[in-house]
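Okay, structure first, notes after.
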Amino acid sequence: MKKIFTAILLILLIGCAGQRLMSLEGMPSGVPTETVKIKGDNCKWIPDLVRVKKGSHVILEVESVDWDYNFRLVGYDLRFKIPKGQKVTGEFYASQTGEFEYGCYIEKGFHYFWGGMVGKLIVE
């Protein structure tokens, strides 16, 4: 019985591992919120450079115009699919300063961005 339970748990975890819409660990209450809109169009991110303030609750509204895209924000471990013609919202707590890449990743390799479709998010 324990083996069956473990197998079911692994299947559920693997199935859910493809998407992560929030990274809010350690976020205190009452922090300012910043909303950032990013659009995927013609295999480019618009804008491809975003700046946010450290200590803010960042809401990413990512929209796809022409294709299904796989969005990933490295460093905050956000990853989700954006179906063509739809908008998906991801959230994170900007707890660390630095430059972080976002891009359209290949599903089989989370560290490879397709066709150079890469942007940069700077937390100041």
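The values are calculated or read from the model by the stated rules, or taken from the named source; none is laboratory data. None of these values were measured; they are calculated from a predicted model. Here the Cβ positions follow ideal geometry from the backbone for every residue, glycine too, while neighbour counts run over all protein chains shown.
State yes or no: is Val58 surrounded by 15 or more Cβ atoms within 10 Å (Cβ to Cβ), out of contact with any Cys (no Cβ under 9 Å at 6 or more places or on another chain) and under 14 Å from Glu101 (Cβ atoms)?
When the stated conditions are applied, Val58 does not pass them.
Could you list, in sequence order, all residues of the stretch 19-55 that are polar (S, T, N, Q) and touching a residue at least 40 places away in the same chain (Cβ under 8 Å)?
Those that are polar (S, T, N, Q) and touching a residue at least 40 places away in the same chain (Cβ under 8 Å): Gln19, Ser23.
Please indicate, with yes or no, whether at least one residue in the stretch 94-116 is at pLDDT 90 or above, charged (D, E, K, R) and part of a loop (DSSP other than H, G, I, E, B).
So far as the stretch 94-116 goes, no, none of its residues is at pLDDT 90 or above, charged (D, E, K, R) and part of a loop (DSSP other than H, G, I, E, B).
Within the stretch 42-72, can you find the residues that are more than 18 Å from Ile106 (Cβ to Cβ) and of a type in the set (Ser, Thr, Tyr)?
Ser56
Of the numbered conditions (1) in contact with a Lys or Arg (Cβ under 6 Å, 6 or more places away or on another chain); (2) over 24 Å from Thr97 (Cα atoms); (3) modelled with pLDDT under 95; (4) surrounded by 15 or more Cβ atoms within 10 Å (Cβ to Cβ), Arg72 fails exactly one; give the number of that condition.
It fails just one condition, (2).
Out of the stretch 5-47, which residues are under 24 Å from Gly85 (Cα atoms) and modelled with pLDDT of 95 or more?
Correct list: Glu34, Thr35, Val36, Lys37, Ile38, Lys39, Ile46, Pro47.
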